[in-house]
Amino acid sequence: MSLLLYSYWRSSAAYRVRIGLNLKGVDYRQEAINLAPAVSAQRAPTFRQINPQGRVPALATPDGLITQSGAILEWLEEVYPAPSFLPAGRVERARVRMIAQTIAADIHPLNNVSVLGYLSHAFGADNAATIAWYHHWLREGFDAIEALLRDWAVEGFVVEDRPTLAEIYIVPQLANARRFRFDLSPYPGLCAVGAAAEGLPAFVAAAPEAQADAVAS
């Protein structure tokens, strides 16, 4: 099966999909869509014809184009069921979905580059104000996840002895937190989950700095 991932090295949503593809052991090609403000290739008519929303990731499959990282990961889970992104137990599946949705629904949308740009252009937010906004929503989400990990007595992976959907979402969000110089010291549980996963080959190969379109920053 031939798969083409439209991606950008710094996109945390694309990062999730790269991890997922790697964990499933699926062969795929990548086409870089440069989201840097000076380029904004996602706005080009040629890419808008591919994905009218003008966002990455987008995965070209025999079933057609699939957008949104969550939808792509669900498709991968259905087409390539092993190894599964989800644990066997009902409670455990709910737990990893809780974490994934906290990041996907409560943190990432408010801190997306398009939102940060709108704060600057429409409301005159300077860099300090934009970073404060970013840190606020990251803190809100991370506080909640850290409390859950503590309540569940998590050590290492969130559940079982392997990465699941939880780690697929946590690792890219931790990378973003470090990029924006967010203090992670109050989050030992989250950092332990990240450390358990980040060194695995699937995660190493998916990391932003390992992508062909990565640039020095």
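Bear in mind these aren't lab numbers, they're just calculated from the coordinates by the rules spelled out. The structure presented is a predicted model; accordingly, all values stated were derived computationally and were not measured. No Cβ is skipped: glycine too gets one built from the backbone with ideal geometry, and neighbour counts run over all protein chains shown.
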### Query
Which one, (1) 54, 38, 29; (2) 47, 41, 31; (3) 47, 46, 28, gives Cα extents along the principal axes in Å as derived from the coordinates shown?
(3)
### Message
Which of rounded, prolate or oblate describes the range 145-217 when judged by the alpha-carbon gyration tensor and an a/c cut-off of 1.5?
### Response
oblate
### Proximal charge balance of LEU110 [Cβ under 15 Å; K/R count +1, D/E count -1]
-2
### Query
Alpha carbon centre of the range 73-112 versus the range 133-190: separation in Å?
14
### Query
Along the Cα-to-Cβ line of SER84, 7 Å from the Cα, sits a label point; which residues in the range 17-61 have backbone N less than 20 Å from it?
20-26
### Approximate spin-label separation ALA36-GLU155, in nm, with each point projected 7 Å along Cα-to-Cβ
4.5
### Summary
So, with points 7 Å from each Cα along the Cβ direction, the HIS136-ALA105 label distance in nm works out to 2.2
### Projected label distance in nm at ALA144 and ASP63, using a 7 Å step from Cα toward the beta-carbon
2.8
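Going through the DSSP H helices of the chain, which span 27 Å or more along their own axis at the Cα atoms while scoring at least 0.0 as a mean Kyte-Doolittle hydropathy?
For the chain, where a helix must reach 27 Å along its axis and average at least 0.0, there are no hits.
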### Task
Take the Cα gyration tensor of the range 4-83, multiply each eigenvalue by 5, square-root it, and list the three semi-axes largest first, rounded to whole angstrom.
22, 13, 9
### Query
Which parts of the range 144-158 would a label at ALA195 reach, counting a residue when its backbone N lies under 11 Å from a point 7 Å out along Cα-to-Cβ?
156
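Ranked highest first by average number of other Cβ atoms within 10 Å, how do 119-131, 72-84, 6-18 line up?
Working: 119-131: 11.8, 72-84: 15.5, 6-18: 25.0.
Peptide ranking by packing, descending: 6-18, 72-84, 119-131.
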### Query
What is the local net charge at VAL171, summed over the other residues whose Cβ is closer than 15 Å to its Cβ (Lys, Arg +1; Asp, Glu -1)?
+3
